[in-house]
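Structure first, then comments.
Every number here is computed from the coordinates shown, using simple stated rules; none is lab data. The structure presented is a predicted model; accordingly, all values stated were derived computationally and were not measured. Here the Cβ positions follow ideal geometry from the backbone for every residue, glycine too, while neighbour counts run over all protein chains shown.
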Amino acid sequence: MKTAIDDRPRTLAAIGMTLIMLSTLSAWSCSSTWLQIVQQDLPVLTKQATSIAQLVDPSGSDAKLATTVGSDAVSLIGLVSDAYAAYNQSPTADTLQKLRVALDTVGTKLPETLQSVAGQFSNPTDLLIVTAAVDAIVTTVDIIANQIPGATKSAARAAHLHKMKAAGRDVKKIPTADDLRKQWNSQVCSLAPGRCPTM
């Protein structure tokens, strides 16, 4: 019986610490502005991914290649949306890690898809347009991944963000949905006038 009494302060302290940690995590996850910005950015990223196939002449030989890149982009952004929804519903270390993995997958796989078909484009302008679209999406995803609490920066992401910073992009804050639309219009739609859907 004496042992149980001696253990009570330790048990109460452990319970108290657990409650403090849970309330801190809950407050952090509910008030994090990055979550709110990403929630607004995801529909714009999805629309950008969907529009890649429309950026080139649909009757040209490059249309199928643009569709391949666009389909992959839609699928990868879908993974991020799913991971974000899971984290937003249950903010745990595990769901946060899954969100990080989904973001890193976009940053790795989408450029790989573009690279795999780049040599097949017959029109250099079409390749330039699709490359600009992929770059805009990957840059946004890399910035988001870099701003998530506890994120580690991969060598590829670090190199890409350094390149974007040198080009004048603000890589230290997650762009808002309005920022994404403006960047898309200036970096992508300017190359494909008349074929670029409104964001």
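Tabulated data for the structure shown
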read-out: Largest to smallest principal axis extent of the C-alpha atoms in region 33-189, angstrom; value: 47, 31, 28
read-out: Net charge contributed by nearby residues that have their C-beta within less than 11 Å of ARG169 (K/R +1, D/E -1); value: 0
read-out: Proximal charge balance of THR67 [Cβ under 13 Å; K/R count +1, D/E count -1]; value: -3
read-out: Percent RCO, i.e. relative contact order, over region 33-189, from Cα pairs under 8 Å lying at least 6 residues apart; value: 29
